[in-house]
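Below is one structure, written out as structure tokens; comments come after it.
Nothing in this text is a laboratory measurement; each read-out follows from the coordinates by a stated rule. The shown structure was predicted, so the numbers you read here are calculated from the model rather than taken from an experiment. Ideal geometry is used to build each Cβ from the backbone, glycine not excepted, and the neighbour counts take in all protein chains shown.
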Amino acid sequence: MRQSPSSASSSQKWSEPIIVLGKGVPAYSATYGCLVYCVAGIGENACWLRLFPLFAEKVISSIQFVEKFDVIRVVYREKRPEQIRPESRKVYPEYVEKISSVNEEAKRVEILSQHTEVGTFLHDDSWRGKKTLGMIQAVGPLFLVDHGTPKVRFRCSDVCTGHVCEVGELKRFDGVGRSIPEGTETLEHKLAIYRNKALRFVMGTDSQHPHRWLLISMHIMETS
């Protein structure tokens, strides 16, 4: 791993606690020489945050891998690194600390319910620097395998005409971020867990194609 372009000092200032609700797919970083990814979470003031980069590999012994519903704190390098995506925060990947987790199913459902929104932001001009992260209730999701890629068709409201997104969190990737092909049967088995369930989708825009919304993570809205 290469050193950070500008490492945090020993007097680093930790962020507020952030509940992780989504993980982006890994990508190779030439800066760090390893796989990194972003996470979507909710900060202390109920605001959506996009944090990047986080290490997807244990390049140093102190790395703590992050999962959905972990509560983390980070050290910001830039609080507004992207003009169009206001929720984005660039962090020092070596300073990401897991401080707790939300393990109780009822509490998870409460958090998801609290932050579920009407999907109008997927259809208007929110992506133009207003809103580029959010969570919706998936209406009528239909999962399928399309040429080796897991996808889902869904609506974000009763009046929505429909969206189609790749299910990136169910794909596998190699050491440089390339998708590893899997058989239809394997992918169908992964998708079966989500069929006929009440779902919430964490949605975010693509940095390379700002108007394009991606499915970041899925959540099942069921208590044990």
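Points worth noting:
- Cα convex hull, the stretch 5-126: 126 Å³ per residue, rounded to a whole number.
- Potential lengthening between His209 and Thr31 on full extension [0.36 nm per residue; Cα-Cα distance subtracted]: 61.9 nm
- Estimated FRET transfer efficiency (Arg195, His115; beta-carbon r; R0 25 Å; 0.05): 0.60
- Dimensions of the chain from C-alpha coordinates, computed as largest minus smallest value along each principal axis and given longest first, are 51, 39, 38 Å.
- Sequentially through the stretch 23-32, phi angles give Karplus couplings (6.51, -1.76, 1.60; θ = phi - 60°) of 10, x, 6, x, 9, 7, 9, 5, 4, 9 Hz, Gly and Pro residues having no value and appearing as x.
- Selected from Thr184, Thr161, Thr149 as most flexible by GNM, with the chain as the system and alpha-carbon contacts under 10 Å: Thr161
- Mean separation of Cα contacts under 8 Å, 6 or more apart, over the residue count of the stretch 89-224: relative contact order %: 24
- Cβ-based exposure ranking for His147, His123, His211, in which fewest neighbours within 10 Å come first: His147, His211, His123
- Using every pair of separate Cα atoms, the Kirkwood estimate puts the hydrodynamic radius of the stretch 37-95 at 12.0 angstrom.
- Per-residue Cβ neighbour counts within 10 Å put Ser179, Ser62 in the sequence Ser62, Ser179, beginning with the fewest.
- Reachable lysines from Lys13, criterion Cα separation under 16 angstrom, eight or more residues apart if same chain: Lys79, Lys90, Lys98
- Computed [θ] at 222 nm, helices only, for the chain once each DSSP H run of length n ≥ 4 contributes -39500 (n - 2.57): -2500 deg cm²/dmol
- Taking a straight line from the alpha carbon of Lys107, these aspartates and glutamates sit under 15 Å away, with near neighbours fewer than eight places off in the same chain left out: Asp70, Glu222.
- For Arg77, the residues whose amide H sits under 5 Å from its own are Lys90, Val91, Tyr92, ignoring neighbours fewer than 5 places away on the same chain, with H placed 1.01 Å from N.
- Applying 1/(1 + (r/R0)^6) with R0 = 22 Å to the Cβ-Cβ distance of Gln64 and Glu16 gives a FRET efficiency near 0.80.
- Rounded to the nearest whole Hz, the Karplus-based 3J(HN,Hα) values (6.51 cos²θ - 1.76 cosθ + 1.60, θ = phi - 60°) of the stretch 89-101 follow the sequence 9, 8, 10, 7, x, 7, 10, 10, 10, 7, 9, 5, 9, with x at glycine and proline.
- Each 10 Å bin from zero holds the following percent of Cα-Cα pairs in the stretch 15-64: 26, 46, 25, 3.
- Springs join every pair of Cα atoms under 10 Å in this Gaussian network model of the chain, and among Ile42, Ile111, Ile193 the largest mean-square fluctuation is at Ile193.
- Where Rh is the Kirkwood radius over Cα pairs, Rg/Rh for the stretch 111-174: 1.01
- Placed amide H near Ile216: partners under 5 Å, 5+ positions off or other chain: Val202, Met203, Gly204
- Dimensions (Å) - the stretch 105-220, Cα atoms, principal axes, largest first: 37, 35, 28
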